[in-house]
Amino acid sequence: MTETANVKQYDVLILGAGPGGTSCALALRQAGLKVAIIDKSEFPRDKVCGELLHKKAVETLNTILPGFEKEFIDFPKTLVLKHTRVHYKKKTLTFDWVSESYTCPRLQLDNFLLNVVRKYTDTEIFTATTPDKITTTDTGVTVTIKNSDVVFTAKAIIGADGANSIVAKQLTEKVLDRDHYLGAVRAYYKNVKNTDNITSEVFFSSKYNLNYLWVFPIADNLSNVGFGLLSSNISENKINLKESFYDYFKQSPELAEKFADAEQVSPLEGFGVPLGSTIGTVSGNRFMLIGDAASLSNPLSGTGMGNAVLSGKIAADQLISAFKANDFSETYMKGYDNALQSAIVDGLYSSYKAQQTLSKLPFLLDLVFLLGKNKRIRKYIQSIV
Ligand SMILES: Cc1cc2nc3c(=O)[nH]c(=O)nc-3n(C[C@H](O)[C@H](O)[C@H](O)COP(=O)(O)OP(=O)(O)OC[C@H]3O[C@@H](n4cnc5c(N)ncnc54)[C@H](O)[C@@H]3O)c2cc1C
């Protein structure tokens, strides 16, 4: 640190203001800690996503901040979904959700969450601020900022900076595992036939084994349409994901009909989804990783916002006890790994096993369709996606 550095001191630094980082800041609001969020983007900012939020994510946020659910449902860009239609080989199965799910465009959702943090906490928020070098020592954490003399210091740091986390890159030995990583693309459409504001749809194709194309209704009469494949599949078979997305429509007469009058109103954009199935390094001396930085997306559905929110809460609980014990050591932080294992990772393992079984034995998808008529089996399927 140079003598002229402008030093900002905190108890906790949260890098990243997505669903994980904002949930963590909300969960710390009554802990009496001085917290800062640093995000490299200017808000509102988009994030490539299917934008479907499971009920569980909203329930967790409601536990963190009673009253959140009502505020979120009242938010004008939120849609409350009640059904999912699944299409495969000209068959359709409709799931009536045990509890609702939601969609909300990330451009507005993440800004809404950041405003909730502004409203209910004393967290200091630094957007358009790009961290550079992160250093942890026995006494604290230091983060320098690109093109700036500002230096942030804290007792502990949370890596909530998504799939390309620099906290994970700089503080762990993390390498990209293509068998546990999805490449995914998404575009917005209007005038898609047979859509309503309460039904999400997924289309399976026998060509793109197991992977599905989603059509989710979002605010302003738009559809969020996307598709993802395992990165190992993409690289081994030299697949062009964007071409495959459009090819998917040709493979399916139902999709061709559904999109006959549709207009694509945004570019097709791609992003990675780090899948969870086993737990990697998610903590260490003075740090914890949450959400996509910790690779916690569901291997079967690719959804990750719910686990970003839940891991944000678990990390906040761990931080509160670390401050009480004044212990931020690697050993003490393992408490976070243990809590994460039982609350999230064990469940992801079941989804991973189901994903593996279905990809090796694709005919099981036909069986799922047959058995899916049974209410109890539909309920089980809903519990692992
Ligand atoms: C195509 C696609 C479709 C998806 N569909 C769904 C879905 O329908 N439902 C669902 O639940 N999940 C879905 N996901 C997964 C979901 O997007 C992520 O799991 C979720 O966004 C993770 O939240 P997070 O807070 O961990 O990270 P993010 O939402 O990625 O937020 C990370 C934040 O960190 C900031 N940041 C990044 N790098 C830095 C840096 N170096 N320094 C400072 N800040 C930084 C970013 O600007 C961002 O604000 C999808 C993902 C993809 C790619």
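The values are calculated or read from the model by the stated rules, or taken from the named source; none is laboratory data. Everything quoted here is computed from the prediction, not taken from an experiment. Methodologically, a virtual Cβ is constructed for each residue, glycine included, from the backbone with ideal geometry; neighbour enumeration extends over all protein chains shown. Quick note on the areas: whole protein, heavy atoms, side chains included, nothing else; ligands and nucleic acids left out. Shrake-Rupley method; radii C 1.70, N 1.55, O 1.52, S 1.80 Å.
Below are the figures for this structure:
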item: Residue list for the range 218-243, filter: crowded, with 22+ Cβ neighbours inside 10 Å, modelled with pLDDT of 95 or more and more than 12 Å from the ligand (Cβ to nearest atom); result: SER223
item: Residue that is modelled with the lowest pLDDT, among those in the range 200-217 that are of a type outside the set (Lys, Arg) and not in a strand (DSSP E or B); result: LEU210
item: Subset of the range 280-293 that is open to solvent by less than 20 Å² (accessible area, probe 1.4 Å) and near the ligand (Cβ under 8 Å from one of its atoms) - its residue that is farthest from THR60 (Cα to Cα); result: ALA293
item: Considering residues of the range 27-65 that are near the ligand (Cβ under 7 Å from one of its atoms), more than 13 Å from the chain's Cα centre (by Cα) and crowded, with 18+ Cβ neighbours inside 10 Å only, the residue nearest to LEU13 (Cα to Cα); result: ILE38
item: Some residue of the range 170-178 being touching a residue at least 40 places away in the same chain (Cβ under 8 Å), touching a Ser or Thr at 6+ places or on another chain (Cβ under 9 Å), within 25 Å of TYR88 (Cβ to Cβ) and buried (at least 22 other Cβ atoms within 10 Å of the Cβ); result: no
item: Members of the range 312-354 found to be more than 23 Å from the chain's Cα centre (by Cα), open to solvent by 50 Å² or more (accessible area, probe 1.4 Å) and among the hydroxyl-bearing types (Ser, Thr, Tyr), listed by number; result: THR331, TYR332
item: Hey, SER277 closer than 23 Å to GLU59 by Cβ and either within 16 Å of the ligand (Cβ to nearest atom) or not in a helix (DSSP H, G or I) (or both) or not; result: no
item: Selection count where residues are outside any strand (DSSP E or B) and open to solvent by 40 Å² or more (accessible area, probe 1.4 Å), scope the range 129-154; result: 8
item: Enumeration of residues in the range 33-61 that are of a type in the set (Val, Ile, Thr), part of a helix (DSSP H, G or I) and in contact with an Asp or Glu (Cβ under 8 Å, 6 or more places away or on another chain); result: VAL58
item: Checklist (1) without any contact (Cβ under 8 Å) to a residue 24 or more places away in the chain; (2) open to solvent by less than 20 Å² (accessible area, probe 1.4 Å) applied to GLY16, failing item; result: (1)
item: Residue match in the range 298-309 (condition: outside any helix (DSSP H, G or I), farther than 22 Å from TYR352 by Cβ and open to solvent by 10 Å² or more (accessible area, probe 1.4 Å)); result: no
item: Unique residue being under 30 Å from PRO253 (Cβ atoms) and either buried (at least 18 other Cβ atoms within 10 Å of the Cβ) or of a type in the set (D, E, K, R) (or both) when the list is ASN191, ASN197, ASN211; result: ASN211
item: Identity of the residue in the range 254-274, assigned to a loop (DSSP other than H, G, I, E, B) and more than 28 Å from ASN307 (Cα to Cα), that ends up most open to solvent (accessible area, probe 1.4 Å); result: ASP261
item: Test set (1) β-branched (Val, Ile, Thr); (2) open to solvent by less than 40 Å² (accessible area, probe 1.4 Å); (3) in the same structural domain as GLN251 (by TED's automatic domain parsing) - THR123 fails condition number; result: (3)
item: Given (1) modelled with pLDDT of 95 or more; (2) not in a loop (DSSP other than H, G, I, E, B), index of the condition GLN30 fails; result: (2)
item: Test result for VAL202, within 15 Å of the ligand (Cβ to nearest atom), open to solvent by less than 30 Å² (accessible area, probe 1.4 Å), closer than 25 Å to SER99 by Cα and not assigned by TED's automatic domain parsing to the domain that holds SER297; result: yes
item: Output for the range 1-27, where each listed residue is within 21 Å of LEU65 (Cα to Cα) and in a loop (DSSP other than H, G, I, E, B); result: GLY16, ALA17, GLY18
